[in-house]
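*Asks:* So that we are looking at the same thing, I have put the structure below in structure tokens.
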Amino acid sequence: CFIVCAAEGGKLTPLLVSMVLVGIGFNTKMVVAFIVLPTFYLLYLLGAPGNLKKRLGDLTLASVVLAVAALVWPLTFDLTPANQRPFAGSTQDGSMISLSLGHNGFQRIERGWGRFPRSTVTPTAASASGTSNTPAAADNPAQTATNNPAGAPQRFQGPGRRGEQPRIAMWINTGVPGLFRLADPGMAGQVLWFFPLCLVGLIVQAKRSKKSLPLLLNHQSLLLWGVWLLTYMIVFSFMQAGVHPYYLVMLAAPMAALTGIGVRALWMDFTQNPTSRLLPLTLLLAGVWQAYIITDYPDWGAWLIPILLIGLGLSLIFLSSITYSAKAQTCPLVLQKRALALALFAIFLSPLVWALTPVLGNGGSVEANPNLVSGDGGGRGMFGRGQNNANNDKLIQFLEANHQDEKYLLVAQNSMAVSPLIIKYGVPVLALGGFGGGDTTCTVDQFAQMVKAHQFRYFLLGGGRGNFFGPQGQPNQRPNRAPNANNANGAAGGWGGFGNQGGFQADISKWVRENGKPVDPKLWRVVDPREPDARNPAIALNLNGNGGLGRRQGGGQQLYDLHPNN
């Protein structure tokens, strides 16, 4: 709203406020917050009154303010002595600048750690190039069958709809970088339900508006929302790193605005031009687009698609230009308005259902996905779908019953495994490798000393999501491997499995297995009777690399007692 006020009146103060807010956004979400900047600069440059010199001067000052607002926190962090500040996770040097511009910045656009093409090549020195291979869970038919039960949407079932690279059933839906990445039903179903209305309506409104410089208010709105939408769509479509579905929330504001603009522009064109067929044709196109998204979920499409088609069919009978011109005397405008309302109800129903699924589902996922409710594709929690609370309760009860005044109740390899415990129970737990598990926080000797000092007793091996990073923060290679291979180069876990780790995590995992004792799973979680016996050392050795309890049948997480003689 501040950038709109600045462009409408050529006022410097709201322009500076808007840049401060973008700077704060950078401190929260880093480089992704800057993607909107070309839109803001264009809006003020082409829309604000005043001469060009004044506008350029205002934007120069705004850029200085933006730099200060964006860098004050990273620089304050980095200039603080390392021994007086926490380590910046997902970095190799503990620098917030590195995190902002590296891992959470340009690396997400340039490198391909979110893509996993099939390969049978074993890791070599070329691992540092950024190429990554398919995880074992995606290449092993038995594991794939376990991970992809009947009824799950196709994007959770190996190869994609149109023969693209195989999908990875993990925390992330990468799609395939390219022009049609966001056209994937799993991605389009997040926020792009009204894309045909937005696109056609934007064109119609642009033709209806008088063109001038500085831009009039109508064209300012079109530039703001249109360029905002286009910029983010281009970045998300072609970025080489994984694109989590929740990233698309950045498209919500322009999609909402352009939907309203588009419907109004098409309605005005329809009522003022009796021969125009744009409104009914665009509504029909929107219906076909939504049906395409819904068909990825057959159980839900069985009732959503009929409602969509019936509602649109009835409304289009009255909205068609043929009916309008033939029955101009008997088909009043009020009936046409009701027909439009029926069409809008039909095309708003499916997005409403999708939007409610993260709230009504039991998986704790932010992704809009009907299977969060039906239980066939949602939930990325520590123990997988529908078992989180029961397993967490049992684990906490076991840990508290056996706690012997250690500093930490539990240690795990990454925050994905322990964050539910922190949120629900507020217990002292430690994520040794940080958020993703790749942070080098200690050596094996230091870890052994902490165990000896009774800082913790229980270590959860496996859990959360697969680690994307191996030694020195490079993307892990994910070759085919034998089921019992002890792969220290970072073979991936399954839906919830952490997998073996590269770098220091591999050494610590080895130390835990050699010096700790596996705890009977029946003591600390709800055990699926189909699971192998985790107390068997030959099996326990490899549980941490074979999926995790996020997979349907579990068996990938194992609790180790590091003081078994106590």
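*Asks:* Between Ile305, Ile294, which is closer than 20 Å to Ala183 by Cβ and open to solvent by less than 10 Å² (accessible area, probe 1.4 Å)?
*Replies:* Values: Ile305 fails: open to solvent by less than 10 Å² (accessible area, probe 1.4 Å).
Of Ile305, Ile294, the one residue that is closer than 20 Å to Ala183 by Cβ and open to solvent by less than 10 Å² (accessible area, probe 1.4 Å) is Ile294.
*Asks:* So which pairs qualify, if the first residue must be in the range 62-77 and closer than 15 Å to Phe34 by Cβ and in contact (Cβ under 8 Å) with a residue 12 or more places away in the chain, the second must be open to solvent by 70 Å² or more (accessible area, probe 1.4 Å) and assigned to a helix (DSSP H, G or I), the Cβ gap must be under 8 Å, and the two must be at least 6 apart or on different chains?
*Replies:* Short answer, once both residue conditions are applied: Ala69/Ile24.
*Asks:* Which one of the conditions (1) assigned to a helix (DSSP H, G or I); (2) free of Cβ contacts under 8 Å to residues at least 24 places away in the same chain; (3) among the hydroxyl-bearing types (Ser, Thr, Tyr) does Ser212 fail to meet, given that it meets all the rest?
*Replies:* Ser212 satisfies all of (1) assigned to a helix (DSSP H, G or I); (2) free of Cβ contacts under 8 Å to residues at least 24 places away in the same chain; (3) among the hydroxyl-bearing types (Ser, Thr, Tyr) except (1).
Residue-by-condition table, conditions (1) hydrophobic (A, V, I, L, M, F, W, C); (2) at pLDDT 85 or above; (3) open to solvent by 40 Å² or more (accessible area, probe 1.4 Å):
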{"residue": "Gly375", "(1), (2), (3)": "no, no, no"}
{"residue": "Gly379", "(1), (2), (3)": "no, no, no"}
{"residue": "Gly384", "(1), (2), (3)": "no, no, no"}
{"residue": "Asn391", "(1), (2), (3)": "no, no, no"}
{"residue": "Gln397", "(1), (2), (3)": "no, yes, yes"}
{"residue": "Val429", "(1), (2), (3)": "yes, yes, no"}
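*Asks:* Further question on the same structure: For the subset of the range 216-252 comprising residues that are under 13 Å from the mean Cα position of the chain (by Cα) and of a type in the set (Phe, Trp, Tyr), which member is surrounded by the fewest Cβ atoms within 10 Å (Cβ to Cβ)?
*Replies:* It comes out as Tyr246.
*Asks:* Here is a further query. Can you pull out every residue in the range 46-85 that is of a type in the set (Ser, Thr, Tyr) and surrounded by fewer than 12 Cβ atoms within 10 Å (Cβ to Cβ)?
*Replies:* Result: Thr60, Thr76.
*Asks:* Is at least one residue of the range 432-444 open to solvent by 10 Å² or more (accessible area, probe 1.4 Å), of a type in the set (S, T, N, Q), in a loop (DSSP other than H, G, I, E, B) and at pLDDT 85 or above?
*Replies:* Within the range 432-444 (the criterion being open to solvent by 10 Å² or more (accessible area, probe 1.4 Å), of a type in the set (S, T, N, Q), in a loop (DSSP other than H, G, I, E, B) and at pLDDT 85 or above), the answer is yes, since at least one residue qualifies.
*Asks:* Another question, if that's okay. Does the range 251-274 hold any residues that are closer than 17 Å to Ala206 by Cβ and not in a helix (DSSP H, G or I), and which are they?
*Replies:* Asn273
The values are calculated or read from the model by the stated rules, or taken from the named source; none is laboratory data. This one's a predicted model, so the numbers in the text were calculated from it and none came from an experiment. Cβ: placed from backbone, ideal geometry, glycine included. Neighbour counts: every protein chain shown. What goes into the accessible areas is simple: the full protein's heavy atoms, side chains included, and nothing from ligands, DNA or RNA. Shrake-Rupley method; radii C 1.70, N 1.55, O 1.52, S 1.80 Å.
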